[in-house]
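Throughout, read-outs are computed from the coordinates displayed, never taken from laboratory work. Just so it is clear, the model here is predicted, and its values are computed rather than measured. As a convention, Cβ positions derive from the backbone with ideal geometry for all residues, glycine included, and neighbour counts pool all protein chains shown.
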Amino acid sequence: MCKMNTSILGRILMAGSDPHSGGKLWVMPAILEVFGFSSVLKAYDTFDAGRPWFVWFGYAATGTVFLAGGILWAVFRKRIAEYWPWHQLRVAIAELAKVQQENLELANSLNTARELIPAQQPSKLTIHSALYRALVPGGKEYDVTDCLRNMIAGDSLVLQIQNGNFWIGNINCVPKDPFEGQKKWLQVEYSFDGGPTCKIERREDYRLVLPEDTALKTELAALKTGKLVATSRPVETIYMVSFDYLPLSPLEKGWTQVYNPDGMAEFGTDPDIPGSLRMKILKSEVAIHHNLPPHAALADHLEFTAKYTNNTMIFTRLNVGTKDGSVQKQVDIKYYYGELHTAPTNPDPGCDPNKGLPEQTIYWPAQVLSGGRLAFNIDLREAVNLSLGAQGWVFKSISGVRLRGNLSISPLVLSKMQQT
């Protein structure tokens, strides 16, 4: 607490200057009058004693000033009290004491909180290394190990993989795009709770979650072999989209160009993939679509081998419905290579919500072959469940396939997994 030592006169001045002190406002005028009369009496005594004139005159003048001041103070006592510095000083001292008391209480509260909060334990998650680079050779590689370590919260880490998300405070760990126009790849080596070191790879725009779900990792390992959970059951081939008519254009054999009208492409075959179609874009962008015959709707699996480039897109057009079958719609699902997960897709402004659902994007495991070839075995039921199952949609049938960009692709085999 702040204390103030004042003289008796100071206390009287403060009391007399308080505008809310009622009768105390008369204290100061009374004091001035007392001093005034005392000075006048002293002047009379010195005059009577025959002292020099300037002595008694000085006392008389002083007494007159005190008497006049007392009268004026009495008349304007309330106005003077408002501006008398002793009053304002007392208010300031009281406010200062209040602030000091509040600061003391806050400090005590912080000390109590520190005692209640347990000491932070080291995280069980350890990041050994993290590199961010383009999928294709070239470009810059960024070491973002320290950045990911800084993002650990407790025993876990969650990161949406994008160029602008690698920050430590005000430091940007990826100040420039590693390779303009190319997809990026984050490679991380980590361990958890003293366990073995694990390596994980995620593509740009995917969410990295550490530590991984061990059950999901087991399923993904099985998928990477090219075998699905249901492939132990017999498979019946329903239909094959072949390209045995080359060098004739697929646009003459049931395929239609759906994007872009001014686009041009060259069609041929890739010697690394027997019976394949190779599409090379010559102008703008090109996508071709093939409507399947009615009996192909029985298929629920799709197999093909393809060479992907930076602009390759492979779609299936599927019919989906509610579980009770009351509502059915179409949806286009786009497939990229990667560990099994969905990814955000830019909305299609041309999509009619009364007929179709927004386009979906899935990263699907594939068997990696020589020469940059990827062998896909896609469970269409699982693809719908993964992308739309949470919204209540289930797979009904397949109605078409679409190819876009530069690519090479084998004949597409549509099959049905026989029920046991």
Under a 5 Å amide H to amide H cut-off, with H placed in plane at 1.01 Å, what residues pair with ILE398 once short-range neighbours are removed?
ALA299, ASN319
Under 5 Å between amide hydrogens, which residues at least 5 positions from LEU407 or on another chain qualify, with H placed 1.01 Å from N in the peptide plane?
MET279
For the range 125-212, compute Rg over Rh where Rg is the Cα radius of gyration and Rh is the Kirkwood radius from the inverse mean 1/r over Cα pairs.
0.95
Pairs to check: LYS283/LYS416; LYS176/LYS329; LYS176/LYS199; LYS253/LYS355. Give those whose C-alpha atoms are more than 30 Å from each other in this structure.
LYS283/LYS416; LYS176/LYS329
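Using 0.36 nm per residue of separation minus the Cα-Cα distance, give me the extension gain between VAL368 and LEU131 in nm, one decimal. Numbers along the way, then the final one.
On the way: separation 237, 0.36 × 237 = 85.32 nm, distance 2.20 nm.
Length gained, VAL368 through LEU131: 83.1 nm.
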Expected vector for the range 331-338, Karplus 3J(HN,Hα) from phi with 6.51, -1.76, 1.60 and θ = phi - 60°, integer Hz, x for Gly and Pro, equals 8, 9, 10, 9, 10, 10, 7, x
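Please give the per residue volume of the convex hull enclosing the alpha carbon atoms of the range 235-417, rounded to a whole number of Å³. Write down the numbers at each step before the final one.
Working: hull volume 22.9 nm³, N = 183.
Enclosed volume per residue, from the Cα hull, is 125 Å³.
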Given points 7 Å out from each Cα along the Cα-Cβ axis, report the SER326 to THR269 separation in nanometres with one decimal.
5.2
Grab the Cα-Cα distance for LEU72 and THR197, subtract it from 0.36 nm times how many residues apart they are, and report the gain in nm with one decimal.
35.8 nm
Using θ = phi - 60° and Karplus 6.51 cos²θ - 1.76 cosθ + 1.60, couplings along the range 285-296 (whole Hz; Gly, Pro as x):
10, 9, 10, 10, 10, 10, 7, 7, x, x, 6, 5
Per residue of the range 54-67, in order, report the coupling 6.51 cos²θ - 1.76 cosθ + 1.60 (Karplus, θ = phi - 60°) as ³J(HN,Hα) in whole Hz, putting x for Gly and Pro.
5, 6, 5, 5, x, 5, 5, 5, 5, x, 4, 5, 5, 5
At 7 Å along the Cα-to-beta-carbon direction for both VAL99 and SER399, put a label point, then send me their distance in nm to one decimal.
7.4
nm² value of the averaged projected area, convex hull over the Cα atoms of the range 287-389
7.5
Based on the alpha carbon coordinates of the range 356-420, what radius of gyration and maximum Cα-Cα distance (Dmax) apply, in Å?
13.9, 40
